[in-house]
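Comments concern the structure below.
The values are calculated or read from the model by the stated rules, or taken from the named source; none is laboratory data. Keep in mind it's a predicted model, so treat the numbers as computed, not measured. Cβ: placed from backbone, ideal geometry, glycine included. Neighbour counts: every protein chain shown.
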Amino acid sequence: LAATLNELQSEDQRPYIYLPEVGNSYFTSYSLKVRGSELGRSWLTNPWYGAMGTSMPYARVVAQQVKKRALDERTVVITGDGGFHFQLNELIHFLKDQTAVTIIYMRNNVFHLGKSADTPIYHCNDKLFDVHSLVAAYQGQSKMCRTVAEFKQCFSDYINENKGVKLIEVPAVPEESRQCNEIRLLNLYIKATNGMPEAVEQWNKVKQG
Ligand SMILES: Cc1ncc(C[n+]2csc(CCOP(=O)(O)OP(=O)(O)O)c2C)c(N)n1
Ligand SMILES: [Mg+2]
């Protein structure tokens, strides 16, 4: 995802102000290359011990400021499904304020980051949940994108239109082989800290470079 966004941002002079939520999105966002924003920050996330729950309120204020100062910049939220769902109360403000936001919704139906078992407590979503009906209620637009090409087209369309709530649903497979390097390293570190012999060996190799 970061590589794709970097490509899109490099071809676009308008700065994207990224609001990554804590979860896989947060770690993915470490690889983002940003342009300078007039607001002074183009990557803004929660510094308070990594607590989830700030991307939407932050995005709301960023979008308000972008509008108020008439900046040619874009507000982009990158979020997991769990993190997004408990901040849905914020969505109404984009409609009330007539502000614009593009939300990248990384859907895996689970609280994945930090998950340490396959128990129901991690099941934060349901396969039948229709996020598109939700966005429609806020007079927004949304699309599910399965390929990089689809994503690029949809993201560019939404960024160009720059109106109201736009959401791109990206199916995220919670498998090691599909994850960014930062997440792979984090999971390896957690396993090594938990004393798994194979992970300890691999982690020591990583540390030695
Ligand atoms: C308030 C709060 N509760 C719990 C956590 C622990 N936590 C960190 S990431 C995460 C899962 C996030 O799930 P989701 O938003 O679906 O993103 P994913 O990891 O699946 O990409 C949890 C529960 C936290 N950081 N902050
Ligand atoms: Mg999730």
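Please determine whether any residue of the stretch 85-102 is within 18 Å of TRP43 (Cβ to Cβ), within 15 Å of ligand 1 (Cβ to nearest atom), at pLDDT 95 or above and under 14 Å from the mean Cα position of the chain (by Cα).
No, the stretch 85-102 contains no residue that is within 18 Å of TRP43 (Cβ to Cβ), within 15 Å of ligand 1 (Cβ to nearest atom), at pLDDT 95 or above and under 14 Å from the mean Cα position of the chain (by Cα).
If a residue counts only when it is under 22 Å from ASP72 (Cβ atoms), which helices (runs of 4 or more DSSP H) contained entirely in the stretch 86-187 have at least 2 such residues?
91-97, 148-161
Kindly indicate whether LEU19 is away from ligand 2 (no atom under 16 Å from the Cβ), in contact with a strand residue (DSSP E or B) (Cβ under 8 Å, 6 or more places away or on another chain) and not in a loop (DSSP other than H, G, I, E, B).
So LEU19 fits the description; yes.
Please state which one of GLU176, GLU169 is surrounded by fewer than 18 Cβ atoms within 10 Å (Cβ to Cβ) and in contact with a helix residue (DSSP H, G or I) (Cβ under 7 Å, 6 or more places away or on another chain).
None of the others qualify; the one that does is GLU176.
Is it the case that ASN125 is farther than 20 Å from LEU19 by Cα and at pLDDT below 90?
For ASN125, the condition - farther than 20 Å from LEU19 by Cα and at pLDDT below 90 - is not met.
Have a look at VAL34, VAL22, VAL110, VAL61 and point out the one that is within 15 Å of ligand 1 (Cβ to nearest atom), of a type in the set (Val, Ile, Thr), more than 13 Å from the chain's Cα centre (by Cα) and surrounded by 15 or more Cβ atoms within 10 Å (Cβ to Cβ).
One residue alone meets the criteria, VAL110.
Just wondering, is there one or more residues in the stretch 63-76 that are within 18 Å of TYR138 (Cα to Cα) and part of a helix (DSSP H, G or I)?
Within the stretch 63-76, one or more residues are within 18 Å of TYR138 (Cα to Cα) and part of a helix (DSSP H, G or I).
Restricting to the stretch 22-46, name every residue that is closer than 18 Å to PHE84 by Cα, outside any loop (DSSP other than H, G, I, E, B) and hydroxyl-bearing (Ser, Thr, Tyr).
SER25, TYR26, THR28, SER29
Sort out which residues of the stretch 26-64 are closer than 17 Å to ILE92 by Cα and in contact (Cβ under 8 Å) with a residue 12 or more places away in the chain, and write them in order of number.
Passing the criteria: GLY53, THR54, SER55, MET56, PRO57, TYR58, ALA59, ARG60, VAL62, ALA63, GLN64.
With the requirement that a residue be of a type in the set (A, V, I, L, M, F, W, C) and assigned to a loop (DSSP other than H, G, I, E, B), what does the stretch 1-16 give you?
Of everything in the stretch 1-16, just one residue is of a type in the set (A, V, I, L, M, F, W, C) and assigned to a loop (DSSP other than H, G, I, E, B), namely LEU1.
Answer yes if at least one residue in the stretch 163-175 is more than 14 Å from ligand 1 (Cβ to nearest atom), on the phi < 0 side of the Ramachandran plot, out of contact with any Leu (no Cβ under 7 Å at 6 or more places or on another chain) and of a type outside the set (A, V, I, L, M), and no otherwise.
yes
Could you check the stretch 109-143 and list, in sequence order, the residues that are away from ligand 2 (no atom under 15 Å from the Cβ) and among the aromatic types (Phe, Trp, Tyr)?
Within the stretch 109-143, TYR138 is the sole residue that qualifies.
Residues that are within 30 Å of ARG14 (Cβ to Cβ), within 16 Å of ligand 1 (Cβ to nearest atom) and not aromatic (Phe, Trp, Tyr): does the stretch 190-201 have at least one?
no
Just for the stretch 48-58: of the residues that are in contact with a helix residue (DSSP H, G or I) (Cβ under 8 Å, 6 or more places away or on another chain) and assigned to a loop (DSSP other than H, G, I, E, B), which one is surrounded by the fewest Cβ atoms within 10 Å (Cβ to Cβ)?
GLY50
Which count do you get for residues in the stretch 64-104 that are surrounded by 23 or more Cβ atoms within 10 Å (Cβ to Cβ), within 16 Å of ligand 2 (Cβ to nearest atom) and of a type in the set (Phe, Trp, Tyr)?
Selection size over the stretch 64-104: 1.
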